[in-house]
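Since the structure comes first, as structure tokens, the remarks are kept for the end.
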Amino acid sequence: MGESWSEEVRVVTRVALYTPSWVITGNLRMRTPVRLTDLLNNWTESFFPLDEVRTVSLRDGRVEAGALPTMLLVALTEILVLHEVPAPEAASRPRAAEMHVPKQPTAVMAYVGPLRVEGNLYLPAGADMGAYISHAIGTFLPLTSVTIVPPERERLSPVRVPFALVNRNHLLISRLEKGPPPPEALA
């Protein structure tokens, strides 16, 4: 599913990804619209390419932009969390066709590397969360109504997004008694 930089690009999506040390925002270029869940879980390359990048250190809040190369390759195994950066034109952008499987939202709190992530994990009705995560297809689990809390709150503010993917290989997760805020509260 990896794409060559020389191929024709039709869709540009601004994403933010979190590694153990950095928050990296950049453009992801694709030939056709595809759900981020499908893209990441079917990615066959070892590195994930982004261009027009900006980085923020999770350790000291330092911002680095402009001094970075036009293209940055991020090791797929280092990606802890990834989400689309909301943009005003995102609502009119074409979306990939989706298959709907009825699921129930389950409020969760997860620690993914140095990040605390709260949101809704959608489980099939009656499914055990541990069994579902253990047998889920793909490395990245989708969450909705997400709050991402960086380790240095005094330097970096929590981020609220409607949707994010978390790497289940770096995950400590539990159910929450009180759920995350409703999606309309994130607007």
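Just so you know, all these numbers are worked out from the coordinates, no wet-lab data involved. As the structure is a computational prediction, the values presented were derived from the model and not from experiment. All Cβ positions, even for glycine, are placed from backbone atoms using ideal geometry, and neighbour counts span all protein chains on display.
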Computed label-point distance, nm, for sites residue 134 and residue 27 using a 7 Å Cα→Cβ extension
4.5
Between residue 70 and residue 169, what length comes free when the chain is fully extended (0.36 nm per residue of separation minus the Cα-Cα distance, one decimal in nm)?
32.7 nm
Sorted peptide list for 131-140, 118-127, criterion being average Cβ within 10 angstrom, highest first
118-127, 131-140
